[in-house]
1. At a threshold of 8 angstrom on Cα-Cα distance, excluding pairs fewer than six apart, so keeping six or more, what relative contact order does the chain reach in percent?
2. Once you put a point 7 Å from the Cα of Thr94 and another 7 Å from the Cα of Glu43, both along the Cβ direction, what distance in nm separates them?
3. Which of the trypsin sites (Lys or Arg not before Pro) found in segment 42-150 are loop residues per DSSP with 16 or fewer other Cβ atoms within 10 Å of their Cβ?
4. Report the extension gain between Ala70 and Ser28 in nm, rounded to one decimal, defined as 0.36 nm multiplied by the number of residues separating them, less their alpha carbon distance.
5. What value, in deg cm²/dmol to 500, does the helix sum -39500 (n - 2.57) over DSSP H runs of n ≥ 4 give at 222 nm once divided by the residues of the chain?
6. Please give the contour-minus-distance gain from Arg21 to Arg129: 0.36 nm per residue of separation, less the Cα-Cα distance, rounded to one decimal in nm.
Amino acid sequence: MQLTEHFSLEELIVSDLAVRRNIDNSPSADIIANLRVLAEGLERVRAVLGKPIHVNSGYRCKALNEALNAAPDSRHMLGLAADIVCPQFGSPLTVCRAIAESGLPIDQIIHEFGQWTHVAVPAAGGVARRQLLTIAHDGRGYQLGLNPLV
């Protein structure tokens, strides 16, 4: 099912780990509605970057989120977040900064482990918090701002 011009439901719910562990990552109708909002937000991100983006991870059911040891309150579980890369544009930090500087109504941008950009959008009718964070593997947890990893 195509949600927007460039993003399908399938690409926002696919998970190799879910397949390997036989986890049903099928979204409910409410989650699909949120995924449509996410896809619309990703279209705006794509327009800002001027290049195609690749979604590494989108929706995660609770079992998949737990299997990934992800945050228990992850916006991925609501269908309102995706981890993306855009190598044709630049590094994950460059992508984070471009999105942040664009003024898009993004709820959360996280520079994650120097490997990808986490983008969360507000729910339909919600207000964007414009939260900017960085997380590294060094155990310090989330840091405020979009920072290079040293």
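Any read-out appearing in this document is the output of simple, stated calculations on the displayed coordinates, not a laboratory observation. Treat the numbers as computed from the prediction; the structure is a model and nothing was measured. Neighbour counts run over all protein chains shown; Cβ positions are idealised from the backbone, glycine included.
1. Computed over the chain, the figure is 19 percent.
2. That separation, rounded to one decimal, is 2.7 nm.
3. Arg129, Arg130, Arg140
4. Using 0.36 nm per residue and subtracting the Cα-Cα distance, I get 13.1 nm.
5. Using -39500 (n - 2.57) per qualifying helix, the result is -9500 deg cm²/dmol.
6. Difference between extended and current length: 35.5 nm.
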